[in-house]
Amino acid sequence: MYRQKAFTLIELLVVIAIIAILAAILFPVFAQARESARMTSCLNNMRQLGLGLQMYAQDADETFPSIYAGYDKNYAFIGHEGWMWKNAIAPYLKNKGIFRCPSNPVSDPDGPTNDPNNDRNNAFGHVMEADGLMPQSYGMNAGATTWVDTGDPGNGWANKPLKLASINKPANLVAIGENTWREGDFGMDWFLEGSSQCTNHALYTHRGFTGPMNFTYFDGHSKNKKPASIIWPLVNSELVNNPPTSTTETHLKSDWGWDVDMAPGPCHFWK
């Protein structure tokens, strides 16, 4: 009498257990590989942003855009919601998707709007765009770049736009970094222990809070680095044009008027 062979229950359970173990091991590896690919895509976007800044500067007598100019399409001053550096370099990019990092969870707005009072999670500068959209993933370094040029010499924000010739070491000075807020800027304080930006993860790091960030420099190149390595030690800080000459200093003042108290140390998420 012929007897059909089949797996026993124990054999099936063993096979299922082995598959489950392999899945538990491999799925995180696949997730890390996918994030690495997205991080590389984001880095490529930032290289394009660096080229856009360079092209803008060459057309503007080697002068970089201010982070914010603050006016709307009718040249009325409306603050940060108005014209800013992304609007300045957008014509050189031809694709606003470059302002979007594929792994940043807040990069996509909820929808278009030209209303500064109803941003729909668009980044600053959306009111200047015909389609009312501005992805949010990147900010410009407020420690080295003119923040807002109001044209009023009595206003602390009014600084002349940054010129390429004014930068001591363009290859060592950060121009653009990754963020999760609508702001078009980020400052030294965003990297410090105890700041609200540190606590609320305003800067975007890949592979979790302790992972690296992408940075673009004023000479146009981009690289992936740990956030803490950008500001520490102080003598090598890559966020200000003229860093201090002593590692014992706890206060920095950039050429463009951004004062920072360094005493708290690097953001604890990145140690």
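The values are calculated or read from the model by the stated rules, or taken from the named source; none is laboratory data. What you are looking at is a predicted structure, and each value in this text was computed from that prediction instead of being measured. Cβ sites come from the backbone with ideal geometry, for glycine too, and all protein chains shown count toward neighbours.
Descriptive notes on the structure:
- Residues of the range 62-89 satisfying the condition of being farther than 15 Å from VAL148 by Cβ and in contact (Cβ under 8 Å) with a residue 12 or more places away in the chain: GLU62, THR63, LYS73, ILE89
- Taking the conditions (1) loosely packed, with under 14 Cβ neighbours inside 10 Å; (2) not in a helix (DSSP H, G or I) in turn, GLN58 satisfies each one other than (2).
- Hey, THR113 surrounded by 11 or more Cβ atoms within 10 Å (Cβ to Cβ), free of Cβ contacts under 8 Å to residues at least 24 places away in the same chain and within 21 Å of the chain's Cα centre (by Cα) or not: no
- Criterion violated by HIS221 - all others in (1) surrounded by fewer than 21 Cβ atoms within 10 Å (Cβ to Cβ); (2) at pLDDT below 90 satisfied: (2)
- Residue check for SER41: among the small types (Gly, Ala, Ser), in contact (Cβ under 8 Å) with a residue 40 or more places away in the chain and assigned to a loop (DSSP other than H, G, I, E, B): no
- Filtering GLY156, GLY132 for residues that are among the small types (Gly, Ala, Ser), in a loop (DSSP other than H, G, I, E, B), surrounded by fewer than 19 Cβ atoms within 10 Å (Cβ to Cβ) and modelled with pLDDT of 90 or more leaves a single hit, GLY132.
- When the test is whether a residue is surrounded by 20 or more Cβ atoms within 10 Å (Cβ to Cβ) and aliphatic (A, V, I, L, M), ILE98 passes it.
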